[in-house]
Amino acid sequence: MTTSYDPVTVWGVIVLAGALTFAIRGSFVYLFGRIDTVPPRIKSALEYVPAAVFAALVFPALVAPTGDLSLSLGNDRLVAGVLAALAAWYTERVFVTIAVGMGALWVLRFVV
């Protein structure tokens, strides 16, 4: 695949993006090295980061497994994901959630 950009421009964008990413991550290291305690509001907000990142990674695979939006009962991943979410809400156990989600996906894929 070829582009209309010259190699210097492409490498410049790559280096700039890398430098900005490094600066953003480094700023947090510098910031938390300079303050003694994390404010309670920040600490409570940071508790939701892992769940938000996980949801952002999983949600597209559930609603658009082939690249096109699929919100029907024919979407076995979406149905299994909803069943796993219900199991997580009801039991609050990770192993049960994984077992229900994978079990539902396998049944929907290989039996139904």
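The numbers here are math on the coordinates, done by the rules we state, and not lab data. Note that the structure is predicted; figures quoted are calculated from it, not measured. As a convention, Cβ positions derive from the backbone with ideal geometry for all residues, glycine included, and neighbour counts pool all protein chains shown.
Worth a mention:
- Filter pass, THR66 being β-branched (Val, Ile, Thr), surrounded by 10 or more Cβ atoms within 10 Å (Cβ to Cβ) and within 21 Å of the chain's Cα centre (by Cα): no
- The range 1-32 - residue that is of a type in the set (A, V, I, L, M) and over 30 Å from LYS43 (Cα atoms) and, of those, surrounded by the fewest Cβ atoms within 10 Å (Cβ to Cβ): MET1
- If you check ARG109, ARG41, ARG77 for being over 22 Å from the mean Cα position of the chain (by Cα), in a helix (DSSP H, G or I) and touching a residue at least 24 places away in the same chain (Cβ under 8 Å), only one passes: ARG109.
- Scan the range 9-26 for residues that are small (Gly, Ala, Ser) and under 23 Å from the mean Cα position of the chain (by Cα) and the total you get is 4.
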